[in-house]
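Everything below concerns the one structure shown next.
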């Protein structure tokens, strides 16, 4: 699609210029602003084995290191509470957050004691859909998100997931076994794998219909320079020439059972908690190694080193090691993108936030979206998207997260050699 190629080229140029961080030893989180809503992101960077396409901060699991990490994680949460952040939502990502469910339970209970938490989202993997993991979380987690990626056994083997999590049929049965246990059961999927066929993708959507899940999130395959070579060797080189065709096909296949909640999340009922917390929460605080915070127009990046993480929390209370403050125009672009990704941009809220209307603040962006027919509703109150506009937001978010992955690559460059060697291979378990 020509418009996607134009947009992708422009975003890659912008990301190279904007998405850079400055490393510093004395970076500190600012205090909260009165009246603003905040979310707490909690990162658990341990996995039993590492997926070749994943750019998040993650390390091979070692129990002693993981338990020491959870202790530091809870201490960092206490420091966030001491600053006065009134976090009403918690999102636990990874890695594999359920790698030690007793530690996770203690962490979630502490979060509810420290903050006015109304909702908790937690990620997991298919092998953890078992009573020992699910039972303690049923009353503690409102949205349980399972990383399935595909039900296709051939793709699961390519992704090194078949041996870890079982066949597509086995994963489906596990999902059906926990359906109804949580307010929202989300299934994370990936589309546009190099070897994925349209038939395979449509079979995935059929499996979702009978899975019992009330939400699914279909991510386009995203890469960063750090994983691109490994990904190409494992599953092939990524091409975006057919991405829009696959997106349209999955939207049509899900229609009638699921409705769009964001550009790439689909829910069985309106008002579900959605996967991308950055839609509902413009500002969030991240705790844990490799977590990000976005506060008052700046991004703060926590150290990616496990050893340094524990030391920073012990000596300073926080683990921030790098930051970047964004110009006002980039903040407006960010809000524009997140609002539309959530399928509706409130023009009045935009004006109140930035002191100018979106037409005045982002003339070029508005002209482009209007010229290509991306807006369905465009009136003084709000902007909504056409199906074409929804796909353009998928492409925008794909490039945005690829740029964020570059942040991660920059942070990883400072890792000690032994820790860096663990990130993109099988690796031996690391010490704290």
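No lab work stands behind these numbers, since they all come straight from the coordinates. Note that the structure is a prediction, hence the values are computed from the model and not measured. Note that each Cβ is placed from the backbone with ideal geometry, even for glycine, and that neighbours are counted across all protein chains shown.
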For this session: Could you tell me, in Å, what Rg and Dmax come out for the Cα atoms of the stretch 62-143?
Result: 12.6, 37
Exercise. According to the Cα gyration tensor, what semi-axes, each the square root of 5 times an eigenvalue, does the equivalent ellipsoid of the stretch 127-209 have, listed from largest to smallest in whole Å?
Worked result: 24, 13, 10
Seminar exercise, completed: With Cα springs under 10 Å, the Gaussian network model of the chain assigns the largest mean-square fluctuation among 326, 354, 61 to 354
For this session: For the chain, list log₁₀ I(q)/I(0) at each q in 0.12, 0.14 Å⁻¹, using the Debye formula over Cα point scatterers of equal strength and ignoring solvent, two decimals each.
Result: -1.03, -1.49
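State the antiparallel share, in %, of DSSP beta bridges confined to the chain, rounding to the nearest 5.
40
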Problem set entry | Along each principal axis, Cα extent of the stretch 288-432, largest first, Å | 56, 32, 19
Exercise. Between residue 252 and residue 199, what FRET efficiency follows from the Cβ-Cβ distance if R0 is 22 Å, with the result rounded to 0.05?
Worked result: 0.95
Exercise. What is the projected area of the convex hull of the Cα atoms of the stretch 328-385, averaged over all directions, in nm²?
Worked result: 3.4
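Pairs of Cα atoms under 8 Å, at least six residues apart: use those to get the relative contact order of the stretch 328-385, whole percent.
39
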